[in-house]
Amino acid sequence: MAEFPPPVRRISSEQAPNVVDPATRQEIPEPIARALAPSYGPERLRIDEVSIHYAGSARPAVNRVTLPVRQGEVLALIGPSGCGKTTLLRSLNRLVELTPGATRDGRILLDGDDIDQLEITRLRRRVSMIFQQPNPFPMSIFDNVAYAIREQAMRRPGKAVLQPRVEKALRRAGLWDEVADDLGRPALRLSGGQQQRLCIARALAVEPDVLLMDEPCSALDPISTGVVEELIHELRQNLAIVIVTHNLAQARRVGDHVAFMYLGDLVEYAPTEELFTNPRADRTRDYVQGAFG
Amino acid sequence: MSVPVGPGGRRSRRDRLLGELRLWRPLDLIGVGAAWLVGILLVLVAASLLIYMGYRGLQYVNLDLLFSRPQPGSDQSQTGGILDPIVGTLMIIVIATAIALPLAVGAALWIVEYGKPRWLARVVESGIEVIAGAPSIAIAIFGLAIFQLPMFSWASFSAADGGGVFGRSFIAAGTVMSLIAVPSIFATTREALQSVPRHVREASYGLGKTRWATIRRVLLPTVRPDIATGTALGMGRIAGDTAIIVLLLGATLQLQAGTDIPGIGTLQGTGSTLTSYVYNNSPTGEGNAPEKAYAAAFVLMLLIIALNVLVAFIGRRRAGNDLPR
Ligand SMILES: Nc1ncnc2c1ncn2[C@@H]1O[C@H](COP(=O)(O)OP(=O)(O)OP(=O)(O)O)[C@@H](O)[C@H]1O
Ligand SMILES: [Mg+2]
């Protein structure tokens, strides 16, 4: 294990308020932090020393990772296959609990509240997720979005109530113009890129605070990818986004901060341009220069 | 790249095939030859069955036969039609499917989506496997023993002197017959659920949906074509079973109400299906009305072929409406 370099973490120039510097474990004085962070909104999600173990494996899939996620910013998670990106992402809305034998240590705070204290259905509506494979449900376009909106245990709202909210979600996902003429069409007849944008609409329909995206473009063609990236760019104004990607160029295009993980460790976390042009850790440099992974 | 050609220009298909076969090892040649032979033989058997049944059936089937009730009689000209067996077959299919469908789908959902406690899930699975493998005559005799218990006296009629419970009725036969359909519905549903990718479920959970909402609104619609396929297959097996009918429906010539209650009385009463009708009227049976037997067998085969076509149709429709896998 000695060969792994200790994580290089540093206070970024845009550190958010009330952030503990993981290297020194000291809180950054708030006035300074605020002065340093003019462009980002408040911290929405805080990942604090999070470790995740799967039953039957000696090594944790995620090892004591600490990261902030702020409103108005896109955090890109990169790293070689199997380094724990998906696992970390799935822990943020507690989907990882669906895997038998998976355990988590450490705390995750959503707007300062421990997510373990939140009701799970409520949490998952505030922290919404997009998957690698477009996965619309086998129902109409309208119903896909409406299904997301309908609250548990509430009386089913009628079509008239749902219609404007469905339209708003489809517009935000940039899909409205393409599907407005026939919302009753089966969602599975859409193209792959349209399906993924429908999934984004579905995830946005619950009006989340945080959007998690696990390689959202890996099954899409370059044009659809461009559309989705454009969308990410616009969406980050209003919510915090965490995106996992294998595509370094994409991380560079859409990310405001980038976190590089390796075998479960967070190796480096920095503003995007800094991480790509001037990485501190050797592993990061090797990876971003395409030496491995 | 150029391919050597014969003097006549392009090589014929036959020459190419022979040339290809020359490259094969002798043992492989024998194997392939045997496979062809067996295949052709099976096709011949199936074709002659269909042709023979079609020939015999069409000879004797007519509207009058289909819509008149069977009558007792020693000569074929007096024994009437096959209306009661047709109605009986349809009734048994409806009753048995109505019981089997929720049972099998529920079991499959529970095993795939919950699966806890593990041991109980295993027990249920192997139980269904045992039912699938059991000969239907064994299921029938077991079912008869059950329905002759005094606690099931409401399901059939009892001897007037307060004696034994008869244990034979549409309720009894339909209930026991549902066991015949459970394995195929269960298996297709379970397999379909298992092939729904994990991320589809997680997409629903990720929207804050409960497991039940996910099952009802996402999983069931996804596997509905498979449930339909399994159900149609199960219906075919129900329609074709004889043992349970003979033992549990009584195989009487006509529908005979068990009690005077309208409708329900019929369910409590006895009757026959196409299978038991064929059995009783076949050349060796007591009825000895072979023409009627052929006609009934032909109708039964048409019914089962129709169910199979339905299966194929559902399968084709499914291909266009599938989740990403
Ligand atoms: N359900 C599971 N059970 C056991 N181990 C798992 C499970 N899921 C993932 N792992 C292990 O956890 C580690 C991290 O997996 P994870 O899927 O988070 O990696 P990743 O960074 O998303 O990889 P990729 O880039 O290939 O998607 C891997 O070593 C993997 O084998
Ligand atoms: Mg992954």
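The values are calculated or read from the model by the stated rules, or taken from the named source; none is laboratory data. The model shown is predicted, which means the values in this text are computed figures rather than measured ones. Glycine also receives a Cβ, built like all others from the backbone with ideal geometry; neighbour counts cover every protein chain displayed.
Taking only region A:67-91 into account, find how many residues are part of a loop (DSSP other than H, G, I, E, B) and more than 8 Å from ligand 1 (Cβ to nearest atom). Spell out how you get there, then give the answer.
So in region A:67-91, the residues part of a loop (DSSP other than H, G, I, E, B) come out as A:71-73, A:79-84.
If we keep only those that are more than 8 Å from ligand 1 (Cβ to nearest atom) too, we end up with A:71-73.
Residues meeting the conditions: 3.
Look through A:ARG126, A:ARG70 and report the one residue that is within 11 Å of another protein chain (Cβ to nearest Cβ), touching a strand residue (DSSP E or B) at 6+ places or on another chain (Cβ under 8 Å) and away from ligand 2 (no atom under 16 Å from the Cβ). So that I can check it myself, show each step before the final result.
Numbers: A:ARG70 fails: within 11 Å of another protein chain (Cβ to nearest Cβ).
After ruling out the rest, the residue left standing is A:ARG126.
Looking at region B:177-193, is at least one residue under 30 Å from A:VAL127 (Cα atoms) and either touching a strand residue (DSSP E or B) at 6+ places or on another chain (Cβ under 6 Å) or within 14 Å of another protein chain (Cβ to nearest Cβ) (or both)?
Checked against the condition, which is being under 30 Å from A:VAL127 (Cα atoms) and either touching a strand residue (DSSP E or B) at 6+ places or on another chain (Cβ under 6 Å) or within 14 Å of another protein chain (Cβ to nearest Cβ) (or both), region B:177-193 yields at least one hit.
For region A:196-212, does any single residue satisfy the condition of being away from chain B (no Cβ under 14 Å), within 16 Å of ligand 2 (Cβ to nearest atom) and buried (at least 23 other Cβ atoms within 10 Å of the Cβ)?
no
Of the residues that sit in region A:235-251 and are more than 16 Å from ligand 2 (Cβ to nearest atom) and within 15 Å of the chain's Cα centre (by Cα), which one is surrounded by the most Cβ atoms within 10 Å (Cβ to Cβ)? Let's see the steps before the verdict.
Filtering region A:235-251 down to residues more than 16 Å from ligand 2 (Cβ to nearest atom) leaves A:235-241, A:249.
Keeping just the survivors that are within 15 Å of the chain's Cα centre (by Cα) gives A:235-241.
Details: A:LEU235: 19, A:ARG236: 22, A:GLN237: 9, A:ASN238: 16, A:LEU239: 21, A:ALA240: 27, A:ILE241: 25.
Top of the filtered list is A:ALA240.
Taking region A:48-62 as the search range and keeping residues that are within 13 Å of ligand 1 (Cβ to nearest atom) and under 18 Å from the mean Cα position of the chain (by Cα), which one is surrounded by the fewest Cβ atoms within 10 Å (Cβ to Cβ)? Steps first, answer last, please.
Restricting attention to region A:48-62, the residues satisfying the condition of being within 13 Å of ligand 1 (Cβ to nearest atom) are A:50-62.
Now restrict to residues that are under 18 Å from the mean Cα position of the chain (by Cα): A:50-52, A:61-62.
Details: A:VAL50: 23, A:SER51: 17, A:ILE52: 22, A:ALA61: 21, A:VAL62: 29.
Ranking the candidates gives A:SER51 first.
Which of the residues spanning region A:92-110 are part of a loop (DSSP other than H, G, I, E, B) and either free of Cβ contacts under 8 Å to residues at least 60 places away in the same chain or farther than 26 Å from A:ALA251 by Cβ (or both)?
Start the filter on region A:92-110 by keeping residues that are part of a loop (DSSP other than H, G, I, E, B), which leaves A:93-94, A:99-102.
Answer for region A:92-110, where residues must be part of a loop (DSSP other than H, G, I, E, B) and either free of Cβ contacts under 8 Å to residues at least 60 places away in the same chain or farther than 26 Å from A:ALA251 by Cβ (or both): A:ARG94, A:THR99, A:PRO100, A:GLY101, A:ALA102.
Residue check, A:ASP114 against (1) more than 13 Å from chain B (Cβ to nearest Cβ); (2) surrounded by 13 or more Cβ atoms within 10 Å (Cβ to Cβ), all met but one. Which one?
Here A:ASP114 meets the rest and fails (2).
Within region A:175-189, identify whether any single residue is away from ligand 1 (no atom under 16 Å from the Cβ), under 24 Å from A:ALA148 (Cα atoms), crowded, with 24+ Cβ neighbours inside 10 Å and away from every other protein chain (no Cβ under 14 Å), and answer yes or no.
Looking only at region A:175-189, we keep the residues that are away from ligand 1 (no atom under 16 Å from the Cβ), and these are A:175-189.
When the remaining residues are screened for being under 24 Å from A:ALA148 (Cα atoms), the result is A:175-189.
If we keep only those that are crowded, with 24+ Cβ neighbours inside 10 Å too, we end up with A:175, A:187.
With away from every other protein chain (no Cβ under 14 Å) added as a condition, the list becomes A:175.
Yes; the residues of region A:175-189 include at least one that is away from ligand 1 (no atom under 16 Å from the Cβ), under 24 Å from A:ALA148 (Cα atoms), crowded, with 24+ Cβ neighbours inside 10 Å and away from every other protein chain (no Cβ under 14 Å).
Six or more apart or on different chains, Cβ under 8 Å: which pairs go from a residue in region A:258-272 that's more than 12 Å from A:LEU77 (Cβ to Cβ) to one that's buried (at least 24 other Cβ atoms within 10 Å of the Cβ) and of a type in the set (Ser, Thr, Tyr)? Could you list them?
Note: no pairs meet the criteria.
Check B:ALA46, B:ALA108 and return the single one that is within 30 Å of B:ALA239 (Cα to Cα), small (Gly, Ala, Ser) and touching a Leu at 6+ places or on another chain (Cβ under 9 Å).
B:ALA108
Conditions (1) over 26 Å from A:GLN237 (Cα atoms); (2) of a type in the set (Val, Ile, Thr); (3) assigned to a helix (DSSP H, G or I), marked per residue:
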| site | (1), (2), (3) |
| --- | --- |
| A:MET129 | no, no, no |
| A:PRO134 | no, no, no |
| A:VAL161 | yes, yes, yes |
| A:ARG171 | no, no, yes |
| A:LEU183 | yes, no, no |
| A:LEU188 | yes, no, yes |
| A:GLY193 | no, no, yes |
| A:ALA203 | no, no, yes |
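Tell me, please, whether a residue that is over 25 Å from B:VAL196 (Cβ atoms), of a type in the set (A, V, I, L, M) and within 11 Å of ligand 1 (Cβ to nearest atom) can be found in region A:114-124. Spell out how you get there, then give the answer.
Start the filter on region A:114-124 by keeping residues that are over 25 Å from B:VAL196 (Cβ atoms), which leaves A:114-119, A:122.
Next cut, of a type in the set (A, V, I, L, M) only: A:115, A:118.
If we keep only those that are within 11 Å of ligand 1 (Cβ to nearest atom) as well, we get none.
For region A:114-124, residues over 25 Å from B:VAL196 (Cβ atoms), of a type in the set (A, V, I, L, M) and within 11 Å of ligand 1 (Cβ to nearest atom): absent.
Among the listed residues B:ILE51, B:ILE137, which satisfies the condition of being in the same structural domain as B:LEU179 (by TED's automatic domain parsing) and either in a helix (DSSP H, G or I) or over 30 Å from B:PRO225 (Cβ atoms) (or both)?
Details: B:ILE51 fails: in the same structural domain as B:LEU179 (by TED's automatic domain parsing).
After applying the criteria, what remains is B:ILE137.
Of A:THR284, A:THR272, which residue is within 16 Å of ligand 1 (Cβ to nearest atom) and among the β-branched types (Val, Ile, Thr)?
Values: A:THR272 fails: within 16 Å of ligand 1 (Cβ to nearest atom).
A:THR284 is the lone residue from the list that is within 16 Å of ligand 1 (Cβ to nearest atom) and among the β-branched types (Val, Ile, Thr).
Which residue, of B:ARG237, B:ARG217, is closer than 19 Å to B:ALA173 by Cα and charged (D, E, K, R)? Reasoning before the result, please.
Working: B:ARG217 fails: closer than 19 Å to B:ALA173 by Cα.
Answer to the selection: B:ARG237.
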